[in-house]
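As structure tokens, the structure follows; a few thoughts come after it.
The values are calculated or read from the model by the stated rules, or taken from the named source; none is laboratory data. Small disclaimer: the values here were computed from a predicted structure and weren't measured. Counting neighbours? That spans all protein chains shown, and the Cβs are built from the backbone with ideal geometry, glycine included.
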Amino acid sequence: MKHSDITMVRIYLTESEKRLKALLGKLHDEEKVRGVTVFRGTSGFGRSGVVHSSTLLDLSLDLPVVIEFFDTPEKVRRILSRLKNDLPAGHVVSWTAQVNE
């Protein structure tokens, strides 16, 4: 089985930031990354310490959202360089991985 090096990226946002649709459009239509998944959290907090959560009685519209994507290391570096002004500092995490092909 052949393995290829990739870079995985996670971008942490909240729904209220209204960045998801535009970011997905860039990753899919413009950058054509190999794979993207969006996770909607039920609870979370970041550097500010503000807890974003939902309950059965009150579904919040400000829940955590994680966008995860991967591609070649070179392509990911280029994408992150282009997105750096569009994303909050400290909200992007990346690491090296391998994909089985």
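Observations
- In the range 1-22, the residue that is surrounded by the most Cβ atoms within 10 Å (Cβ to Cβ) out of those that are polar (S, T, N, Q) and closer than 15 Å to T72 by Cα is T7.
- Residue that is nearest to the chain's Cα centre (by Cα) [pool: residues in the range 64-91 that are closer than 19 Å to K32 by Cβ and in a strand (DSSP E or B)]: I67
- Scanning the range 1-32 for residues that are aliphatic (A, V, I, L, M) and farther than 15 Å from V66 by Cβ yields M1, I6, A22.
- Every condition in (1) more than 13 Å from the chain's Cα centre (by Cα); (2) at pLDDT 90 or above; (3) not in a strand (DSSP E or B) holds for D58 except the one numbered (2).
- Sub-6 Å Cβ pairs linking a first residue in the range 60-86 that is in contact (Cβ under 8 Å) with a residue 24 or more places away in the chain and surrounded by fewer than 15 Cβ atoms within 10 Å (Cβ to Cβ) to a second residue that is assigned to a helix (DSSP H, G or I) and charged (D, E, K, R), at least 6 apart or interchain, are L61/E15; D62/E15, ordered by first then second residue.
- Scanning the range 23-42 for residues that are assigned to a helix (DSSP H, G or I) and of a type outside the set (A, V, I, L, M), we see that the one that is surrounded by the most Cβ atoms within 10 Å (Cβ to Cβ) is K26.
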